[in-house]
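Take a look at the structure below.
The values are calculated or read from the model by the stated rules, or taken from the named source; none is laboratory data. What you see is a predicted model, and the numbers here were worked out from it, not measured in a lab. Cβ: placed from backbone, ideal geometry, glycine included. Neighbour counts: every protein chain shown.
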Amino acid sequence: MWTERLEPLLAVLDEEETRALELGALLESRPRRDEWEQACTHVGLAANDAGFEELLLAGLAGRDEDGWVFQEALVRELLVDRLRERDWASMNAACAKVDGLDDERKGLFLAEAGRHADAVPC
């Protein structure tokens, strides 16, 4: 059901807009705009709101004071699953570079990027 709702929305986005949306999903269920913009910069993407705007119009996302909220966990998971198929390590590495992450969150991104030695502080 969620795939059928999500795929037509992604079809109107270009590749960069889709990747930016997927990156937001990877960050968390409530991606903060400042973190998302930093992560986008680290992988050379423009922080373009088009993907989130499409989700807003479809009722699959909402706004909060810091950024967006995925209204359905399965929609977020579908977007994250798309990353697992292609850009998993590089996108997790970009998330790990975001300023202000706590050690646990940064470590999880580093581990998922395959940088296990960096993920565990000595």
Checklist line | Members of the stretch 78-100 found to be without any contact (Cβ under 8 Å) to a residue 24 or more places away in the chain and in contact with a helix residue (DSSP H, G or I) (Cβ under 8 Å, 6 or more places away or on another chain), listed by number | finding: A96
Notebook entry, point to check: Just for the stretch 39-53: of the residues that are out of contact with any Pro (no Cβ under 9 Å at 6 or more places or on another chain) and in a helix (DSSP H, G or I), which one is surrounded by the fewest Cβ atoms within 10 Å (Cβ to Cβ)?
Noted result: T41
Check: Yes or no: L108 under 26 Å from W2 (Cα atoms) and out of contact with any strand residue (DSSP E or B) (no Cβ under 9 Å at 6 or more places or on another chain)?
Finding: no
Notebook entry, point to check: Restricted to the stretch 8-49, and to residues that are modelled with pLDDT of 90 or more and among the small types (G, A, S), which residue is farthest from the chain's Cα centre (by Cα)?
Noted result: A11
Item checked: From the options W36, W68, residue that is crowded, with 16+ Cβ neighbours inside 10 Å and not in a helix (DSSP H, G or I) -> W68
Item checked: Which numbered condition R5 misses (of (1) part of a helix (DSSP H, G or I); (2) basic (K, R); (3) modelled with pLDDT of 90 or more) -> (3)
Note to self: Looking at the structure I just gave you, is L13 part of a loop (DSSP other than H, G, I, E, B), touching a Gly at 6+ places or on another chain (Cβ under 8 Å), touching a residue at least 12 places away in the same chain (Cβ under 8 Å) and hydrophobic (A, V, I, L, M, F, W, C)?
What the structure shows: yes
